[in-house]
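The values are calculated or read from the model by the stated rules, or taken from the named source; none is laboratory data. The structure displayed is predicted, hence computed values, not measured ones. Virtual Cβ from ideal backbone geometry, glycine too; neighbours counted across all protein chains shown. When the accessible area is computed, the model is the full protein with side chains, heavy atoms only, and any ligands, DNA or RNA have been set aside. Shrake-Rupley method; radii C 1.70, N 1.55, O 1.52, S 1.80 Å.
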Amino acid sequence: MNELEPLPEDSLNPVNTQTWANGRHVVRCVKVIQETHDVKTFCFMSQTPIMFFFKPGQFVTLELEIGGEQIMRSYTMSSSPSVPYSFSITVKRVKNGLVSNWLHDNLRVEDEIAVHGPVGNFNCIDFSTDKALFLSGGVGITPVMSMARWWYDTNSLVDMKFVHSAQTPKDIIFKKELELIASRIDNFELSIICERYDIGESWHGYRGFLTQEILELIAPDVLQREVYCCGPEPYMRAVRAMLKDIGYDMSRYHEESFGETPPEAIEDAEESAELAQIADEQPQAGFCVEFIDEGMSVTVTENETVHAASTKLGVQIPKACGMGICGSCKVRLLSGNVNMEHNGGISDEEIEEGYILSCCSKPLDDVSIET
């Protein structure tokens, strides 16, 4: 790796330091860590010092250019805000995954990228507790690792049980750090479950999959704990079923529901583009969506979103999640009214200023939009 240029002597002076706010920021990659054979952690700082305060469990959306196209993709931060001058994301290389493979193969120390955020309702600040049960599968460990690091770094007395599932011992992300935390404090209990182990590997922990029997063995007081869960959808579905079967209060269950852009959202965009090409020019019943900057307008039905309107016209508005989580599709509503059903991708202050998320906002009458 290249030697990094030192920051100016007064750059970390609290008087000169800004605080991170939800929005677009250009950051510089300062470190790349090989966690496992197919997982890397990318660490970022701002050239102009910023204290990256966020809630452990939240995520950022990366704005990338791949193959000449702008791509937006969201990743949970695996670092803790207790280390405020930088933040990290941990990415698993996914077979045929456009963004994960590009990051692994191309992002280097000193490279700059734009990020949007931080956002997300899945965190341990809004849902605090004195007894926590972390359940994670694979790279889903990232948000709960951020939470565990936060409570460890702040000398919290939260009673933590950390249960992680991996395919094999070599796939265990953050293994050494987790073992270090468990060895240093008595309010952190680590349990790891490996689906299998390969020839030549030694493994003395739990084998197979997380079952109700294993869960109750590890955490016999599970009914008294707040549960934070993240992993592949089949894993989270199995966890939800287990907890319901034992009578767990699901209002205390929290999961990271963000993933890659849903296939249905991609299909909706493609369908909208096709409809725009074949639609006749006769007036249609519905509401008019006018994009002021582009000087273009289109009529949409009551079930179509502002983003669907932009797609019909070829107006470029970034979108990553399609569920009102990542915040990348934010635009300003200049006139008219919309019904916006978001999932934490926009703050109350931004709503007060007139901003909406185009992917989950449906016009209630004629509207004017500033992109």
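At-a-glance table
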read-out	value
Model label zone, Lys176; criterion: amide N under 12 Å from point 7 Å along Cα-to-beta-carbon; scope segment 29-60	34-36
Difference of contour (0.36 nm per residue) and Cα-Cα distance, Glu110 to Asp293	62.4 nm
Sulfur and carbon atoms: percent of accessible area, the chain [1.4 Å]	48
Dimensionless Rg/Rh of the chain - Kirkwood Rh, Rg from C-alpha atoms	1.00
Listed residues Met323, Met72, Met250, most fluctuating in the chain (Gaussian network, C-alpha, under 10 Å)	Met250
Average accessible surface area per residue within the chain, 1.4 Å rolling probe, Å²	50
Ordering of 226-239, 52-65 by burial proxy (mean other Cβ atoms within 10 Å per residue, highest first)	52-65, 226-239
Paramagnetic label zone (point 7 Å from Cα along Cα-to-C-beta, Asp126; backbone N under 19 Å) in segment 189-229	226-229
Dimensionless Rg ratio for segment 29-101, taking C-alpha atoms and the 2.2 N^0.38 Å reference	1.15
Ellipticity estimate at 222 nm from DSSP helix runs (n ≥ 4, -39,500 (n - 2.57)) divided over the chain, nearest 500	-6500 deg cm²/dmol
Most fluctuating residue given options Gly97, Gly140, Gly120, as computed from a GNM of the chain linking Cα atoms under 10 Å	Gly97
